[in-house]
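Okay, structure first, notes after.
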Amino acid sequence: MNSPVLDERHECLVETAGAARAALEASRSDRLLRLFDYLLAKSLVGEVPSEQQIALDVFSAESAMANGQDPNVRVYVHRLRKVLESVFAEKEGPKLQIPVGEYRIRVMNDGDDDGDVARQSTTPPRIGTSLAAWRRVGLLAGLAVVLLVAGTLGWQWLDRAAPPLAQTLVWQAFDQSDRPLVVVAGDYYLFASVAGPGSAPGEAPQLIWDKSVPTREDLTILQMLDPAQAHTVVDYNQQFVSAGTIEALASVRSVFSQLPALRQRSVRLVAASQLTPELLKSSDIIYVGLFSGMPALLRDPLEQASRFQIEPGFDGLTDQASAQRYQSDGMVLTDERIARRDFAYLASSPGPAGNRLLVIAGVGEAGLKEAALLAGNLTQMKSLGLDPGRRRSGFEALYRVRTIKNVNVGATPLFNRPLRSAGIWDNSGNVAPYRPFDGKAEPTGQP
């Protein structure tokens with residue numbers, strides 16, 4: 001007597017799953033592979049899991065949403081459905097599908113409208129089925145159990161076997177977080193100086209970057225303090241990001257490629273001028289930029305927690321204990337054999353709502369670019385240690401950077417110490433009175 005349809009379907013499902021699994025392994029998405037194995041095992045035993053069950057079993061969610069739904073499930077099922085469509089788009093013969101609105105995998109033959117494994121799997125084999133068929137049924141049922149057990153153990157192993165960089169002091173908290181990730185790029189406000197009395201006819205407006213005018217609100221104050229010259233400056237609503245910041249952002253992006261969990265998270269890039277308290281509360285934050293481009297929302301709490309003082313002109317750092325200054329040379333050298341100095345800075349601290357903040361900064365452009373490279377250097381990150389106490393309280397590290405013209409030739413660690421993070425989000429610290437201008441502000445440079 002022929003084998004039951006049930007056996008043929010299960011055998012076909014297991015065999016066809018090999019091509020899909022190979023494609024998922026090549027994609028290096030642990031979560032998609034985990035979801036596929038889970039749905040395959042459930043389909044083989046005739047179960048259709050709920051969204052909440054998948055959230056708990058696959059994504060290790062402590063609890064699903066109050067309505068039993070979890071956005072991760074819908075997102076990853078949709079992605080898995082697209083992967084299966086892509087894998088079997090050009091293949092003839094059996095194909096795997098995830099029916100819309102259901103969380104199960106079924107096998108479909110060309111022209112077959114009824115490849116539903118989950119619904120047929122509960123139908124018992126016909127009486128009189130051969131012993132060989134019954135054995136195949138038993139083997140397939142055993143395979144389903146093995147897949148469930150092996151899948152669970154395998155997922156736990158994958159969770160434990162995180163990439164080495166993800167286990168370092170800097171990146172562990174980000175790797176284990178489920179919050180959205182916001183990368184903040186340091187930027188600068190520009191205003192325009194327009195032609196005034198005595199200017200040449202037809203002279204075009206000139207964009208100005210003035211350290212003493214970091215925002216449009218400060219420009220308004222400047223105009224109020226000097227109404228006679230107010231008409232000579234205009235807000236063009238312009239911001240700029242330095243070339244060094246862009247290079248550092250590219251380096252940080254390459255670090256993300258070494259951290260699978262970060263590749264799967266929602267990552268948003270914003271300029272420092274766009275950082276809001278709402279983002280600071282709801283997201284993990286990584287700041288990439290110079291100290292001069294750091295927004296007050298991040299700079300004020302960092303100054304409270306740090307054992308360095310950021311100099312008023314953002315030209316350097318001063319160690320509060322020793323009064324030692326760390327300032328970029330900031331000069332153009334004509335002799336390429338002479339190295340110049342800059343300083344790279346890394347700091348990690350708790351955020352205001354249980355989130356995490358990471359500062360990747362430099363006193364100058366060379367220091368910033370080196371800080372971004374150091375953040376992805378496994379040896380350097382391991383050297384920071386992995387003390388759970390420092391992870392909770394935060395830490396800061398300073399490096400001296402040697403450069404020849406625009407080429408960095410080495411970084412030497414100077415400090416690696418805990419931050420004083422207790423209470424930094426509860427008070428304003430020792431903030432100087434707001435005195436944006438002692439007199440008329442003079443433009444200090446152009447971008």
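Conditions (1) at pLDDT below 50; (2) surrounded by 15 or more Cβ atoms within 10 Å (Cβ to Cβ); (3) in the same structural domain as ALA23 (by TED's automatic domain parsing); (4) in contact with a helix residue (DSSP H, G or I) (Cβ under 9 Å, 6 or more places away or on another chain), marked per residue:
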{"site": "GLY68", "(1), (2), (3), (4)": "yes, no, yes, yes"}
{"site": "LEU84", "(1), (2), (3), (4)": "no, yes, yes, yes"}
{"site": "PHE88", "(1), (2), (3), (4)": "no, yes, yes, yes"}
{"site": "PRO94", "(1), (2), (3), (4)": "no, yes, yes, yes"}
{"site": "GLN120", "(1), (2), (3), (4)": "yes, yes, yes, yes"}
{"site": "THR123", "(1), (2), (3), (4)": "yes, no, yes, yes"}
{"site": "THR129", "(1), (2), (3), (4)": "yes, yes, yes, yes"}
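Take the residues in the range 316-329 that are of a type in the set (S, T, N, Q) and in contact with an Asp or Glu (Cβ under 8 Å, 6 or more places away or on another chain); name whichever of them is surrounded by the most Cβ atoms within 10 Å (Cβ to Cβ).
For the range 316-329, the residue satisfying everything is SER328.
For every residue, the table says whether it meets (1) at pLDDT 90 or above; (2) crowded, with 18+ Cβ neighbours inside 10 Å; (3) in contact with a helix residue (DSSP H, G or I) (Cβ under 8 Å, 6 or more places away or on another chain).
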| site | (1), (2), (3) |
| --- | --- |
| ARG263 | no, no, yes |
| LYS281 | yes, no, no |
| PHE308 | yes, yes, no |
| PHE314 | no, no, yes |
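Taking the range 374-390 only, how many residues are buried (at least 18 other Cβ atoms within 10 Å of the Cβ) and either touching a residue at least 40 places away in the same chain (Cβ under 8 Å) or within 17 Å of the chain's Cα centre (by Cα) (or both)?
5
Take the residues in the range 182-210 that are touching a Gly at 6+ places or on another chain (Cβ under 7 Å) and not in a loop (DSSP other than H, G, I, E, B); name whichever of them is modelled with the lowest pLDDT.
Only one residue fits best here, namely TRP209.
Can you name the condition, by its number, that THR245 falls short on among (1) under 20 Å from the mean Cα position of the chain (by Cα); (2) under 26 Å from SER393 (Cα atoms); (3) in contact (Cβ under 8 Å) with a residue 60 or more places away in the chain?
Checking THR245 against (1) under 20 Å from the mean Cα position of the chain (by Cα); (2) under 26 Å from SER393 (Cα atoms); (3) in contact (Cβ under 8 Å) with a residue 60 or more places away in the chain, the one that fails is (2).
Is it the case that some residue within the range 387-394 is in the same structural domain as LYS281 (by TED's automatic domain parsing) and modelled with pLDDT of 90 or more?
Yes, the range 387-394 has at least one match.
The values are calculated or read from the model by the stated rules, or taken from the named source; none is laboratory data. Bear in mind that the values here come from a model prediction, so they are computed numbers and not experimental data. In this analysis, Cβ positions are derived from the backbone assuming ideal geometry, glycine residues included, and neighbour counts consider all displayed protein chains.
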